[in-house]
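Asker: This is the structure, below, for whatever I ask next.
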Amino acid sequence: MFEIVFLGTSASAPSVQRNLPAAVVIYNQHRFLIDCGEGTQRQILKSGLGFRRLNKILLTHGHLDHILGLGGLISTFARWEAINEVEIYAGKMALRRVKLLMKVVFMDEIPPINIVYHEIGPGVIMEDEKFTLRAFRVIHKGADSFGFIFEEKPKRPFLVEKAEALGVPAGPERRRLVQGESITLPNGRTVTPDEVLGPPVPGAKLVFVGDASSTRNLAEAAYKADALVIEATYLESEKELARQYGHITAAQAARLALEAEVQHLYLIHISRRYNSNEVLEEAAAIFPNTTVVNDLDRVVVKKAS
């Protein structure tokens, strides 16, 4: 299960209702900040998340509306000394721009916080025994734009009835079987994990795209996602403007969700030229299970049953 806290959902410039792009994805002990538009640290405070453990930052690309908040946020981290190290994951061009921004913030001083830059490409960024985080390329204005796939690893359910039939007592023995170890019962019988575990069940899948100029290469990455987060900067009535400025329409996002067979579509990067109902009406006509996200919305992403 993943949780998303949407901190900023506006396109290009803030509005009265919407801040610039940023979101936090939470999974167990992990907290990932995706993008960091101007004003993000105030949104973090308003959300009640706080700054602790918010030391992994994923950037979809290096446009200013997605990175300018890093200056203030990392300055705050350094001043309060709440976080000793920040890791920033992004493409080569985005990292170059962030490093220039940090030069403005700290001038020629050595930053009082350790900033670790990770240049990413398509593939696995991070994983542990429970989940995998991968990056994939996104077509957007300029190079080095990425989306992110958060995916729980498959789990094999413990079959209580089979365990009881074999005489496996509740407690540490069952835990060892779940962890993949064989056990020996008091009667001398060996029980293997395969005897009490069912076939693997896929975990939850969250796909976060951010800005995109096209959806033609995204269906594979988004396939069967339980949640797809993507921009909807324009409506179809202004699709030529969308093409000109390197964005997509709500209808394009909805058609992608339909093609990729996702469970739920969450639309972000909403332009001030439209109200939420207009965007929702266009997308939901194609893909009914759509939500136009507002700032500070929280969404729990679970595996569809």
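Bear in mind that the values in this text are calculations on the coordinates, not laboratory data. Everything quoted here is computed from the prediction, not taken from an experiment. Positions of Cβ are generated from backbone atoms using ideal geometry, with glycine treated the same way; all protein chains shown enter the neighbour counts.
Asker: Are there GluC sites (Glu not before Pro) in region 159-241 that DSSP puts in a loop and that have at most 14 other Cβ atoms within 10 Å, and which ones?
Answerer: Here the GluC sites (Glu not before Pro) that fit, given the DSSP loop and packing criteria, are GLU181.
Asker: If you don't mind, there's one more thing I want to ask. Can you figure out the FRET efficiency of LEU64 with VAL160, using R₀ = 51 Å and their beta-carbon distance, to the nearest 0.05?
Answerer: For R0 = 51 Å, the calculated efficiency reads 0.40.
Asker: Turning to a different aspect of this structure: Looking only at ILE88, ILE110, ILE286, which one moves most when the chain is put into a Gaussian network model with springs between Cα atoms under 10 Å?
Answerer: Its mean-square fluctuation being the largest, the pick is ILE110.
Asker: Here's something else I'd like to know. Could you give the distance between the Cα centres of region 64-80 and region 92-141, to the whole Å?
Answerer: 13 Å
Asker: Can you list the lysines whose alpha carbon sits under 23 Å from that of LYS303, skipping same-chain ones fewer than 8 residues off?
Answerer: Qualifying lysines at Cα under 23 Å: LYS130, LYS153, LYS155, LYS205, LYS224.
Asker: Kyte-Doolittle mean at least -1.0 and Cα extent at least 18 Å along the axis: which DSSP H helices of the chain qualify?
Answerer: Sorted by number, the helices that extend far enough and score high enough are 92-106.
Asker: Using r as the Cβ-Cβ distance of ARG273 and ASN114, and R0 as 41 Å, what FRET efficiency do you calculate, to the nearest 0.05?
Answerer: The computed FRET efficiency comes out at 0.45.
Asker: Right, another one. Could you tell me the calculated FRET efficiency between SER237 and SER214, based on Cβ-Cβ distance and R0 = 25 angstrom, to the nearest 0.05?
Answerer: The computed FRET efficiency comes out at 0.85.
Asker: Nothing charged except the Cβ atoms of Lys and Arg (+1) and of Asp and Glu (-1): what's the magnitude of the dipole of the chain about its Cα centre? Round to the nearest 20 debye.
Answerer: Computed about the Cα centre, the dipole is about 340 debye.
Asker: Summing Lys, Arg as +1 and Asp, Glu as -1, what charge do residues with Cβ under 13 Å from the Cβ of TYR234 carry, TYR234 excluded?
Answerer: -3
Asker: Another question, then. Net charge around HIS66, counting only other residues with Cβ within less than 9 Å of its Cβ (Lys, Arg = +1; Asp, Glu = -1)?
Answerer: Within the 9 Å Cβ shell, the charges total -3.
Asker: Continuing with this model, one more query. State the label only: which of [x] 1.06; [y] 0.97; [z] 1.17 corresponds to Rg/Rh (Cα atoms, Kirkwood Rh) computed from the shown model?
Answerer: [x]
Asker: Add -39500 (n - 2.57) for each DSSP H run of 4 or more in the chain, then divide by its residues: what number comes out at 222 nm, to the nearest 500 deg cm²/dmol?
Answerer: It comes out at -7500 deg cm²/dmol, rounded to the nearest 500.
Asker: Let me ask you something else. Excluding same-chain residues fewer than 8 positions from LYS239, which lysines have a Cα within less than 20 Å of its Cα?
Answerer: LYS141
Asker: ARG96 versus GLN179, label points 7 Å from Cα toward the beta carbon: distance in nm?
Answerer: Modelled inter-label distance: 4.8 nm.
Asker: On full extension of the chain, what length is gained from ASN28 through VAL124, given 0.36 nm per residue of separation minus the C-alpha to C-alpha distance?
Answerer: Here the answer is 32.7 nm.
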